[in-house]
Amino acid sequence: MLAGAGAAALALGIGAGTAHAATPAWQISQLTAHYEIHDLTIAPTGSAWAVGERTKAGKTLPVVQHLSGTTWKDVTVPATWKTPLKVVDASSSKNVWAFGEDGSIAHWNGKKWSSAKFGGGFHPTDAAAIGASDVWAVNGTTARHWNGKKWATVKLPARVGSIHAVSGKNIWAAGSIGMSKAAVIHWNGKAWKVAKTVSLPKPDEYADISFMDVTVSGKSVWAVGSQSWSCGVDGDDVCYKPLVLRLTGSKAKTFVASKGVGYTKVAADGSGGAWLLQGAWSPKFVHVTGDTFTSAAAPQPAHYDVNLTTLKNRAGTKTIWSAGGSFPQGDPDDPTGQGIYLRNG
């Protein structure tokens, strides 16, 4: 397990006016009218899946898409499904799991879909499918674990919103303990434990500090998020400091930007570094190699804004995908919005 000793913090000027080296180019790969993509996953086998919603005749319906070559194509789902899907993960083309905002569960075994529903108001914010009998879904201080026969409830030592599995005995999740301590937790096959990381000075007494996403790249675990607090003359504004944690063996290093909105997603870059998504609406892609950060605005269709919700790497390659929705500028609820996929590498 990676732990955190010999920790160091580094303040970085990642805001406007900072000079950056050129980053590898991101390109818009696909636009689909009346769609919005919420999540995507790329299995270790290379099988790629995405979920979201589409608007048809004034109704909102679930979407599942599968990558064929360089094109994302619709996958037929049962006509009885009516709820948008928010989360997806897969270990192969024969083991795909998707989850809806109402607690619905969908499973593809390579031949057909099956469905169920969590009780108790549980609706996953992220999931990790290691195998057909080993699946984790998380939301807050609770996880649900599928053992091939049933979903068991597992209490977590932190409030988490994201999870990343390397194997059934090496799983990471990220979030916070309380409102003021960003946290990373680790599953070793037997128990969840809080990883020792870096204690950061709070920019404000009431600041919220949390990680939003976590991944593993090479020998390092990366977690990203932000510090946020009320600011402005009347306290009616929100200030941010983007936050990155890198755990490598027994060493932990934290990078805190001087300005800018928080980091929302992180993915391995295929070379031991990481790609970060900074913000969601009209975001930036930030590439980290060593201790060097380079950034570029996400490409947008002409006269459209984009809202990106996911960032994933195809293991063993430098190919990175991001996805979300694009909407006419100034009108995020416009029904002529489009699902959007972006690719690097």
Fraction of alpha-carbon pairs over 15 Å apart in segment 244-345 - percent:
64 percent
In vacuo Debye scattering of the chain, one point per C-alpha: log10 I(q)/I(0) at q = 0.08, 0.12, 0.13, 0.14 Å⁻¹?
-0.36, -0.85, -1.01, -1.19
Please provide three numbers in whole Å: the alpha-carbon extents of segment 73-148 along the principal axes, with the largest listed first.
34, 26, 20
List the trypsin sites (Lys or Arg not before Pro) within segment 97-181 that DSSP assigns to loop and that have no more than 10 neighbouring Cβ atoms inside 10 Å.
LYS111, LYS112, LYS149, LYS150
DSSP bridge orientation in the chain - percent antiparallel, rounded to nearest 5:
95 percent
Averaged over every viewing direction, what's the projected area of the C-alpha convex hull for segment 35-173? Give it in nm², one decimal, please.
8.5 nm²
Segment 193-299 - Kirkwood radius from inverse mean 1/r over Cα pairs (Å)
14.4 Å
Sequence-separation-based contact order of segment 5-344, relative, with Cα cut under 8 Å and 6+ spacing, percent:
17 percent
Highest mean first, how do 310-317, 84-91 rank when packing is the count of other Cβ atoms within 10 Å averaged over residues?
84-91, 310-317
If the cut-off is 19 Å between C-alpha atoms, which lysines fall inside it for LYS202, apart from same-chain ones fewer than 8 positions away?
LYS181, LYS241, LYS253, LYS259
Report the convex hull volume per residue for segment 39-78, counting only C-alpha atoms, in Å³.
76 Å³
Which listed pairs, of LYS169/LYS193; LYS150/LYS312; LYS82/LYS117; LYS251/LYS312; LYS73/LYS94; LYS284/LYS318, have C-alpha distances above 20 Å, in listed order:
LYS150/LYS312; LYS251/LYS312
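Values quoted throughout were computed directly from the atomic coordinates according to the rules given, and no laboratory measurement underlies them. If you're wondering where the values come from, they're calculated on a predicted model, not measured in any experiment. Cβ atoms come from the backbone with ideal geometry, glycine included; neighbour counts cover every protein chain shown.
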